[in-house]
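These notes are about the structure you will find just below.
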Amino acid sequence: MLHGFTPPYTPEGRSSLVPPPPWHYAGTVLSMACPTDPAAAARVLPQGFGRATGRIIAHVCEWQATTDGWELLDPVHAQYREFILLVEAERDGAAVNFCPMIWVDQDISLIRGWLQGWPKKLGQVWMTRSYGLDHPAAAPLRAGTRLGASLAVKDRRLAEAAVTLDGGEGQALGFLAGPTYGLVGAPSIIGEPTPGALRLVLPGITGRMAGPMVGGTAELRFFDAPRDELAALRPTGPAVAAIGNVAITVTGATDMGVVAG
């Protein structure tokens, strides 16, 4: 008998790329919220999802993840970085987020994302690390400190950010502030190739924890690329920024029904 939550399926199941939830995450999250063209934002929302507010949120994250603790002893399985792009919308009278694009540098995280409705692709993500030391290389989280972040995909830079901290309390933004939805598809080449039905899903998040958030401002830029459409949502003004440590647990996802793309 073959076993495994995801391929490959083997007699022992140890080769499966991703085990089932719960998946536990902890890391540093840099969040940036800024205006964009409302019409461009509306184009990436599923039909009937809600009204685009004209604001996007970019998260640059450095994560450590585990299921039952074994990954922490073999950190090549646990650690990764990602760039998340969210579009803010008004849905049923409340502010929510939709994730149209996200890039990650770890295949394990990519598959976990697809299962949650996070449309992950592989990319190279970098962000300045902060250490709690009063030293020029430590980038302490205090007023005047400058931080950088970047995203590149297949040899092309897609995004870069320059952040200046003001030392004040940072506000929760994006998926740290409200429900964040995604799409799960069911592509198949069995018989006639089809992308399958698109289902709106809401990841189930519990155990949310956050340390102090430090606020600031950011200049966030997106660049044109031949196979990625991030630049269509380029910022049209300065960004509010916040950075801090976060921990969450993903237990599953809620099916919100079939939607039109």
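The values are calculated or read from the model by the stated rules, or taken from the named source; none is laboratory data. Note that this is a predicted model, so its numbers are computed, not measured. A quick note on method: Cβ atoms are made from the backbone with ideal geometry, for glycine too, and the neighbour counts reach across all protein chains shown. Side chains included, ligands, DNA and RNA excluded: accessible areas come from the protein's heavy atoms. Shrake-Rupley method; radii C 1.70, N 1.55, O 1.52, S 1.80 Å.
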Quick one: in the range 45-76, which of the residues that are buried (at least 20 other Cβ atoms within 10 Å of the Cβ) and aliphatic (A, V, I, L, M) is farthest from the chain's Cα centre (by Cα)? ALA52
So which pairs qualify, if the first residue must be in the range 65-90 and basic (Lys, Arg), the second must be not in a loop (DSSP other than H, G, I, E, B), the Cβ gap must be under 8 Å, and the two must be at least 6 apart or on different chains? ARG81/VAL60; ARG81/CYS61; ARG81/GLU62; ARG81/TRP63; ARG81/VAL104; ARG81/VAL125; ARG81/TRP126; ARG81/MET127
Among the listed residues VAL240, VAL163, VAL258, identify the single one that is part of a strand (DSSP E or B), over 18 Å from ARG142 (Cα atoms) and among the aliphatic types (A, V, I, L, M). VAL258
Checking the condition within 19 Å of the chain's Cα centre (by Cα), on the phi > 0 side of the Ramachandran plot, surrounded by 14 or more Cβ atoms within 10 Å (Cβ to Cβ) and at pLDDT 95 or above, which residue from GLY182, GLY174 passes? GLY174
Identify the single condition in (1) open to solvent by 10 Å² or more (accessible area, probe 1.4 Å); (2) under 30 Å from PRO8 (Cα atoms); (3) not acidic (Asp, Glu) that MET127 does not satisfy, given that it satisfies every other one. (2)
Which ones in the range 122-143 are free of Cβ contacts under 8 Å to residues at least 40 places away in the same chain, out of contact with any Asp or Glu (no Cβ under 8 Å at 6 or more places or on another chain) and not acidic (Asp, Glu)? THR128, TYR131, GLY132, LEU133, HIS135, PRO136, ALA137, ALA138, ALA139
I'm told ALA161 meets every condition in (1) free of Cβ contacts under 8 Å to residues at least 40 places away in the same chain; (2) within 21 Å of ASP105 (Cα to Cα) except one. Can you identify the failing condition by its number? (1)
Could you tell me how many of the residues in the range 197-219 are assigned to a strand (DSSP E or B), of a type in the set (A, V, I, L, M) and in contact with an Asp or Glu (Cβ under 9 Å, 6 or more places away or on another chain)? 4
Subset of the range 132-159, residues exposed (fewer than 11 other Cβ atoms within 10 Å of the Cβ) and either among the acidic types (Asp, Glu) or in a strand (DSSP E or B) (or both), comes to ASP134, ASP155
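Within the range 99-115, does at least one residue satisfy the condition of being open to solvent by 10 Å² or more (accessible area, probe 1.4 Å) and in contact with a Pro (Cβ under 8 Å, 6 or more places away or on another chain)?
yes
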